[in-house]
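What follows draws every value from the coordinates through simple rules; no lab data is involved. This one's a predicted model, so the numbers in the text were calculated from it and none came from an experiment. No Cβ is skipped: glycine too gets one built from the backbone with ideal geometry, and neighbour counts run over all protein chains shown.
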Amino acid sequence: MLKQFFSYYKPYKRLFLIDFMCAIISAVLELIFPIAVNRVIDEVLPDGNLKMIIMFSVLLFTMYLFNMWMNYIVVALGHEFGINVETDMRRDLFDHYQKQSYTYFDNVKTGELLSRVTTDLFDISEVAHHGPEDVFITIMTLLGAFLLMLNVHVPLAVITVFLLPLMGIALFVFNKKMTQVNTRIFSNVAKFTAGIGNSLSGIRVVKAFANEAHEKKIFEGYNQGFRENKLAFYKTMAISSSFNYILVRLINLFAFLAGSYYTVIGELSLGELVGFILLANVFVRPLEKINNMIELYPKGYAGFKRFSKELKRKPDIVDQPDAYPAPAFKGDIEYHQVSFAYEDGKTVVADANLSIKSGETIAFVGPSGAGKTTLVNLLPRFYEVTSGAITIDGHNIQDVTMESLRKQIGIVQQDVFLFTGTVRENVLYGRLDATPEEVEAAIDAARLREVVEDLPQGLDTEIGERGVRLSGGQKQRLSIARIFLKNPSILILDEATSALDTQTEQFIQASLDKLAQGRTTLIIAHRLATIRHADRIIVVTPDGITEDGTHDELIALKGHYAELYFAQYGRDNGGVE
């Protein structure tokens, strides 16, 4: 994990080295100051040479100014370095999300994903900046100050630092405890974020059912859990900080008492005593920094641990090493003995065989949970077949790149997802490099023009989060415009009109019929009247594909489709308009 962490340093080696060297120079200057004061008190002050004292003060002030500049570089460039590392990690994590399949997102809450890409990485930048620097400077300062103290008086130096091992043991114990608490905090924050996101996203449902009190109760549970973990962290930190405080003060006190004793008996000069006490202060300064390290490092470590664990999770659907870009498809689709089962072993599709000719309109019907949507979702590789193969124009979909495959498949769903932004931006999502003229043509084709003309800023009107300012029919038309712009060879309509009123459904259906012209079209529908004119209707049940034919053929068969149809529209229809 350390190797992975330090790999993020490579692009910013120069920045890190400048920061690191300036931190070392600053630490060395801190060690020089006590020795200089020692010399002045013992050698310059007894002579009463005021001019030399002033010159020394000017020199000391100049060194202070230089050290101030070093500190500025350490803080400014160091944090720039840390932010760069954090940004790269966040980019890698987002790229990782983009590679995951539907199965991954089925099992992970959106709030948890957001937490990992935000909260988990906040403290990592500080650890990236301060981690190696603080450890090295702390060791260097402790060792340097101790050697200089030994040079002044060996017994006094030994007496001063004998409490140091006790502090090291305390550091190890408290660091371990705080890492464990921080891991719980990050997990709690993920649940906290997911819970809040879920409640706020569904605020209209909450209000419709007057369940505000229920949501407050759920929120309070998350809130109190977060509070308790944070309190546990700060209590541990408080004990650690207090323990380190008394040890540091004891070191100072021992230095003063023992130093005074050796001065009284004549083993130390006054200048050496003052210099030694100043060195003792330099010696304990990094020890005081350890308190900050104990608070910061466990957070950063726990965050990076979760980050590293997430990146190690391999996507379950990837391009083959020798995958090639798919050619322009005509749309001949073949399912050969296709099976699919979820991770828990539940089989949804078993040994499905299906042949679809280019330009055909195929409808899938059947009870909920029978596998209709899954069967269709296997085509763009949103899920991966467990066994068997699917081909388009003779090309196995696993042999072509997913990007080239999905660019030729357009999907219109019942639950339309629109991005926060303008109408234009959402239509352009169908093909990001489309010209303004192509966008206008897609809007006309989707019968969206009258909607756009009624909006205050036309195409540049903000539609709100998930298109909240548009009606269901307007959202659906916008999604159809998006597909017109994409111009795919294969079209999937997944319950595209089932959530609309009858009048709006008829209007949208006309747009969909136009969209389907000249394309291989797969329709998943519950309203059977919308698919009566499909070239073929495939009946999918828990037993697999049980019926295949036109509307009239299946009505005449008097099987499962006929039962579904008559249950919806009554036997008086007779299956004929």
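Things to note:
- Equivalent ellipsoid of the stretch 2-311: semi-axes from √(5λ) of the C-alpha gyration tensor, largest first, are 50, 23, 16 Å.
- Per-residue ellipticity at 222 nm, computed for the chain from helices alone with -39500 (n - 2.57) per DSSP H run of at least four residues, works out to -21000 deg cm²/dmol.
- A crude spin-label estimate for the pair Lys514 and Ser7, with each label 7 Å from Cα along the Cβ direction, gives 5.1 nm.
- Reach of Lys177 by Cα under 23 Å, taken over lysines that are not fewer than 8 positions away in the same chain: Lys191, Lys230, Lys235, Lys289, Lys299, Lys305, Lys309
- With 0.36 nm allotted per residue and the present C-alpha distance subtracted, the Ala210-Glu553 stretch has 118.6 nm of extension available.
- Close amide H contacts of Thr541 (hydrogens built in the peptide plane, cut-off under 5 Å, sequence separation of 5 or more or a different chain): Thr546.
- With a simple spin-label model that places each label point 7 Å from the Cα along the Cα-to-Cβ direction, the separation between Lys312 and Asp444 comes to 5.8 nm.
- FRET efficiency, 1/(1 + (r/R0)^6) with R0 25 Å, evaluated for Asp344 and Thr391 via beta carbons: 0.30
- For the stretch 455-566, alpha-carbon Rg and Dmax in angstrom: 16.7, 54
- Listed residue (Cys22, Phe81, Leu231) projecting farthest to the positive dipole end of the stretch 2-311, Cβ model: Leu231
- From most to least packed by mean Cβ count within 10 Å, the peptides 369-378, 100-109 give 369-378, 100-109.
- Charge-dipole axis of the chain as Lys and Arg at +1 and Asp and Glu at -1 on Cβ define it, positive-most pick from Ala446, Pro542, Met52: Met52
- The stretch 36-93 and the stretch 425-476: distance between their alpha carbon centers, rounded to Å: 60
- Under a model in which nothing but the beta-carbon of Lys, Arg (+1) and Asp, Glu (-1) is charged, the chain shows a dipole of about 1540 debye around its Cα centre.
- For percent of Cα pairs over 29 Å apart, the value computed from the atomic coordinates appears in the list (i) 62; (ii) 74; (iii) 69 under label (iii).
- Packing order of peptides 55-66, 515-526, 31-42, 453-464, highest average first: 515-526, 31-42, 453-464, 55-66 (average count of other Cβ atoms within 10 Å over each peptide's residues).
- Rounded to 5, the percent of DSSP beta bridges in the chain classed as antiparallel: 50
- Stretch gain in nm, segment Val158-Asn353, where the contour uses 0.36 nm per residue and the Cα spacing is subtracted: 61.9 nm
- Under 19 Å from Lys486, Cα to Cα: lysines that are on another chain or at least 8 residues apart: Lys330, Lys407, Lys475, Lys514
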